[in-house]
Structures are given as C-alpha cells and as structure tokens.
Amino acid sequence: MTARQPPRISTRKQPQQARSTELVAAILEAAIQVLAKEGATRFTTARVAEKAGVSVGSVYQYFPNKAAILFRLQSDEWQQTSQMLREILEAQDEAPLERLRRLVHAFIKSECEEAQMRGALNDAAPLYRDAPEALAVRAAGQQIFETFMLELLPEVTMQTRALACELILTTLSSVGKEFSGSPRTAEEITVYADGMADMFQAYVTALKHP
C-alpha cells in the first residue's frame, strides 16, 4: 500500500511585479479575515477569493489549494517568531539568562496578542504540519534556540542540554497557549511572564551548579 503523500503547500509561483505582489497581499489579508471569522473547518479557497474580490482562478495562480494558503499564513507567523528569537537570543550585549527572561516576556505577550489567529491556525495544522516545507521552517526555529542553549549551558552534557532545550520550549509553547486562551491585561501578562522566567532561571542555575 502506497503511503499517503502530504499535500502540496508550496506556492505555484512567486509574484514578480508590483501588481502581482499586491494581489498576493490582498489574498493573504482576505485569508486572515476568513480564518478569523469562519475558523479552519469552514475555510475555503472560494471564500478567500470572494473576500479578496478576485476570481478563484487568480488565487490558484499562486496557491494550489487551501492548505497552501494556510501554510503561508502559518509560515509567516513562524518566521516572525523566528526573527524575534534571533534578535533576542543573539544579543551579545546581554547575559544569556537576561536574554532568556526577555524572550519569555516577548513570547507570552505575542501569544496573547495573536491568540485568536494562532488558535485558528492550530486547528488547521493537520492540513500541512507533516509537509516538508513545514518541517523545514520549524527546524530553523529549533536551531536558533539550540545554538542559544549551547551558550547558556556550555558545561553540561549534550543529553542534559537537549533535555533542557526540549523542556523550556515545550513549557513555553504549551503554557503560553493555555494562558493566552483567555483575555489578559498587560499587568497579568507581566506577572505571569516573570513567574515563568524565574522558573526557567532556577532550573538553568540548578543545571549549572548541581
């Protein structure tokens, strides 16, 4: 029996002219609005085309299916997160633990600000999460954090560092998702992020000085 192939999620072509770039931007903006209003289960290419005021054929010029549109939205979000990771974790003028604290605050704030869209994208994830393109984007973000962990915990074994990396990333993602599930004030976000950062700092310090 032939294994099921993941859906094609790469764009059909890249916009080369300003008009094409504007069309793709309009399609993606419409997709965001449709996803926010209808959710992943009712998200269709036809609805996106209607919202953007273009033909379905125009959408298909750039996106072969709805999975490709959703992956583009998710990929853009992942790339923004990766850029945030890079800017914070590679700031050599700060001590590693301070960078980790700043990352926690930035991540929790971002999760709360984008909670509705991220929830909808999470519902749509089964459409594209196993595609090679999705795996490659996630791996890039993972590599940024692994490089930082080597700087944060240079003295520990590779196995200990890998475990610490997994625990921190999993906790940050899972708890951030849970916390952002309800509306939060700026004060609540700050207090919660401080508590999580304190927990990570205590864990890392314990690993450094067992």
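The values are calculated or read from the model by the stated rules, or taken from the named source; none is laboratory data. Bear in mind that the values here come from a model prediction, so they are computed numbers and not experimental data. Reconstructed Cβ throughout: ideal geometry from the backbone, glycine too, with neighbour counts over all protein chains shown. Side chains included, ligands, DNA and RNA excluded: accessible areas come from the protein's heavy atoms. Shrake-Rupley method; radii C 1.70, N 1.55, O 1.52, S 1.80 Å.
Count of the stretch 157-210 residues, restricted to those that are more than 21 Å from the chain's Cα centre (by Cα), under 17 Å from L89 (Cβ atoms) and open to solvent by 70 Å² or more (accessible area, probe 1.4 Å), is 0.
When the residues of the stretch 48-93 are filtered to those that are basic (K, R) and touching a residue at least 24 places away in the same chain (Cβ under 8 Å), which remaining residue is most open to solvent (accessible area, probe 1.4 Å)? Give the steps one after another, and end with the answer.
Of the stretch 48-93, the ones basic (K, R) are 51, 66, 72, 86.
This time we only want the ones that are touching a residue at least 24 places away in the same chain (Cβ under 8 Å), so: 66, 72, 86.
Numbers: K66: 67, R72: 72, R86: 101 Å².
Within the stretch 48-93, the match that is most open to solvent (accessible area, probe 1.4 Å) is R86.
Taking the criterion of being in a helix (DSSP H, G or I) and of a type outside the set (A, V, I, L, M, F, W, C), the residues of the stretch 182-205 that qualify are E187, E188, T190, Y192, D194, G195, D198, Q201, Y203, T205.
Do any helices (runs of 4 or more DSSP H) entirely within the stretch 43-152 hold 2 or more residues that are modelled with pLDDT of 90 or more, under 26 Å from R19 (Cβ atoms) and out of contact with any strand residue (DSSP E or B) (no Cβ under 6 Å at 6 or more places or on another chain), and if so, which? Give the steps one after another, and end with the answer.
Working: elements: 45-52, 56-62, 66-89, 96-113, 115-124, 132-152.
The helices (runs of 4 or more DSSP H) meeting that bar are 45-52, 56-62.
For the stretch 30-42, the candidate set comprises residues that are in a helix (DSSP H, G or I) and touching a residue at least 24 places away in the same chain (Cβ under 8 Å); within that set, the residue that is farthest from E114 (Cα to Cα) is A31.
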